[in-house]
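What follows is a short report on a single structure.
Nothing in this text is a laboratory measurement; each read-out follows from the coordinates by a stated rule. Everything quoted here is computed from the prediction, not taken from an experiment. A quick note on method: Cβ atoms are made from the backbone with ideal geometry, for glycine too, and the neighbour counts reach across all protein chains shown.
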Amino acid sequence: MEQNNYQGALQKPIGSGFNALSTSEEVIKGIDLSGKVAIVTGGSTGIGLETVRTLADSGATVIVPARDVKKAEKNLQSIANVEIETMDLMEPASIDRFAETFLMSGRPLHLLINNAGIMWVPLRRDGRGFESQLATNYLSQFQLTSRLWPALKKANGARVVNVSSQGHQFAPFNFDDPNFINREYETLQGYGQSKTAVNLFSLELDNRAKAFHVRAYSLNPGSIGGTELAREAPLELFQQMGFCDAEGNILPEVAASLKTIPQGAATTVWCATSPLLNDIGGVYCNDVDIAELAYGDAFSSGVKPYSLDESSAKRLWTLSEEMTGIAFNVE
């Protein structure tokens, strides 16, 4: 019987040979992606851009769906083998149009990297009334993956890599009020539950999809300097988290702990390409290896058991189908 990662059964480091300081270029060394097709959301900035560059340099054709096409064209102009399309993750119809265009090309999809996300934003809702961090960080992943399922299956050996965060430790998924209708909005709670949802989705997707040679992973890229991710977060939040002093200056010990962008993209690239993961999926990775389980209330580098719970994963899948109106039948 094939193993799954329900309850974190497979959450043990496997000795990848890499660590927190490894770069995306180092982890892909010796791997040839010629003939492979990848889609990377959020691929025009930050670790997404570095992921695109690394995959393209190794021979893959990389499609980057972007809300701001002009910005994407400018940032990606020096990279060969890249195609840019239009997509807005807050607009479900836009996701459908992008996926339909890709499916019409008839190509298989070997790598789907759901990298795009937002963090610590004020309360906003999409056109359906869904809280924006949940809609962008998770529901868009569910929708895009479901729409692209025929192409993933066609690859006869595909991976779905969902970028999560250590921030999943801020909150389990709130099934009673995921959209903050009846509770006060707290941006850390919204962010945390959106990333817990990413972990639960990756767990359940892998278990359903592995029979079709599609494996799924979630990962924490780490705290990274030089990205746009926290651009809307208030200074008070950084001070509350212990990142800044009273004047708003980043603390030296915090600055020293930040990863570079190539280091931040390394775990994504490893999950997408490492032969060590050929027969394992549904795991949460960190610092270019499978992470340990994290027990207790302390913030740590591991993964919380509540985000690998079988019953929660199945319940979330059903809720996601209801919220998006999409029956994601993995068959």
Ranked from highest to lowest mean number of other Cβ atoms within 10 Å per residue, what is the order of the peptides 275-282, 199-206, 157-164, 130-137? 199-206, 157-164, 130-137, 275-282
Compute the distance from the alpha-carbon center of the range 22-79 to that of the range 308-331, in whole Å. 29
Computed label-point distance, nm, for sites D279 and L103 using a 7 Å Cα→Cβ extension: 3.4
Over 22 Å (Cα to Cα) - which of K36/K259; K36/K314; K210/K314 fall in this group: K36/K259; K36/K314
Can you tell me the length gained on complete extension of the stretch R67 to A211, counting 0.36 nm per residue apart and subtracting the Cα distance? 48.5 nm
Each label sits 7 Å from Cα toward the beta-carbon; between S300 and R128 the label points are separated, in nm, by 3.5
Tell me what the chain gives for mean residue ellipticity at 222 nm when only DSSP H runs of n ≥ 4 count, each as -39,500 (n - 2.57), the sum divided by the residue total, rounded to 500 deg cm²/dmol. -10000 deg cm²/dmol
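For the range 6-324, what proportion of DSSP beta bridges, expressed in % and rounded to the nearest 5, is antiparallel? Don't skip to the answer; put the middle values down first.
Numbers: 3 of 29 bridges.
Counting DSSP beta bridges with both partners in the range 6-324, the antiparallel share is about 10 percent.
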With unit charges on the beta carbon (Lys/Arg positive, Asp/Glu negative), name the residue among S218, V52, F98 whose Cα is farthest towards the positive pole of the charge dipole of the range 6-324. F98
Any chance you could check the Cα centroid distance between the range 167-228 and the range 80-115 for me, in angstrom? 21
Given the peptides 289-298, 32-41, 184-193, arrange them by the average over their residues of other C-beta atoms within 10 Å, most packed first. 32-41, 184-193, 289-298
Reference-scaled alpha-carbon Rg (2.2 N^0.38 Å with N residues) for the chain: 0.92
